[in-house]
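Presented below is the structure to which this report refers.
The values are calculated or read from the model by the stated rules, or taken from the named source; none is laboratory data. Every value quoted in this text rests on a predicted model; they were computed, and no experiment measured them. Note that we place each Cβ from the backbone using ideal geometry, even for glycine, and neighbour counts take in every protein chain shown. Protein only, heavy atoms only, side chains kept; ligands, DNA and RNA dropped before computing areas. Shrake-Rupley method; radii C 1.70, N 1.55, O 1.52, S 1.80 Å.
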Amino acid sequence: MIRFLDLFFSGLAILFLSPLIISLIVILRFTGERKVFYLQNRVGKERKLFKLIKFVTMIENSARIGTGTITIENDPRILPFGFLLRKTKFNELPQLFNVFLGNMTLIRYYMLHPNP
């Protein structure tokens with residue numbers, strides 16, 4: 001049931017948000033680093049590794065520059081369009097594909113079973 005709801009809601013969100021997602025892909029492709037997606041290694045259920053997908057918001061290899069993995073206010077490593085994506089949280093939209101692929105979930109078990 002949980003997997004069905006994840007597929008349904010993430011698929012619906014991807015469908016309705018596809019004009020926005022495609023627009024962001026085009027803008028990112030022609031600005032900044034010309035990269036669109038940032039892939040980060042994560043550990044999921046049962047310690048299974050997967051790649052978390054986000055839109056690029058920082059210059060490439062930014063972890064090796066300046067403050068490393070810590071982001072500070074007005075961080076010079078953040079791309080101009082990346083600042084807007086972070087402010088609006090639109091950089092998180094590609095995670096809908098992680099949900100659709102089964103790497104993440106939108107639906108928590110306790111939402112369906114409040115009294116375990």
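If I ignore ligands, DNA and RNA and count only protein heavy atoms, how much of LYS87 is accessible to a 1.4 Å probe, in Å² to the nearest 10?
That residue has around 150 Å² of solvent-accessible surface.
As an exercise, use a Förster radius of 41 Å and the Cβ-Cβ distance of ILE27 and PHE4 to find the FRET efficiency, rounded to the nearest 0.05. Could the numbers behind the result be given before it?
On the way: r = 34 Å, r/R0 = 0.82.
Taking R0 as 41 Å, the efficiency between ILE27 and PHE4 is 0.75.
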